[in-house]
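Read through the structure below, which is laid out as structure tokens, and then see the notes.
Derivation of every value follows stated rules applied to the coordinates shown; laboratory data play no part. What you are looking at is a predicted structure, and each value in this text was computed from that prediction instead of being measured.
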Amino acid sequence: MDDAALKRIESDPNFIKLVHERHTFGWTLSIIMLVIYYGFIALVAFAPSVIAIKFAGSTIGIVLGVAIILSAIVLTGIYVIRANAEYDDLTAAIVAKAKGGN
């Protein structure tokens, strides 16, 4: 790919929107996951008696651990759904415009 084509793609409004939205949404989901994970670690460090409470035949700590794993799966699913619904359309528009040379 030549420099002119690369500059044309980088200046495409769809490309700019795609990069900005993926970046923003990716960081948002990452921060949510970090808050969940480090919140659990902080609970273990500063209030271990809370996670030792019996709950439904197990402890709160086990339930929260499973919830953390499930939250990671849910956040991944949210990203995939958004990527399939929005990012793929933007990518297709960028590729079509780049192939068309317009």
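Assorted remarks:
- Listed by chain and number, the aspartates and glutamates whose C-alpha is less than 18 Å from the C-alpha of K97, apart from same-chain residues fewer than 8 away, are D2, D3, E10, D12, E86, D88, D89.
- The chain: relative contact order in percent, alpha carbon pairs under 8 Å with at least 6 residues between: 40 percent
- Evaluated over the chain, the Cα radius of gyration and Dmax, each in Å: 21.2, 65
- Hz values of 3J(HN,Hα) by residue in the range 20-26 - Karplus curve (6.51, -1.76, 1.60), Gly and Pro given as x: 5, 5, 5, 4, 5, 5, x
- From phi via Karplus (6.51, -1.76, 1.60), per-residue ³J(HN,Hα) for the range 59-71 in Hz, x at Gly/Pro: 10, 4, x, 5, 4, 5, x, 5, 4, 5, 4, 5, 5
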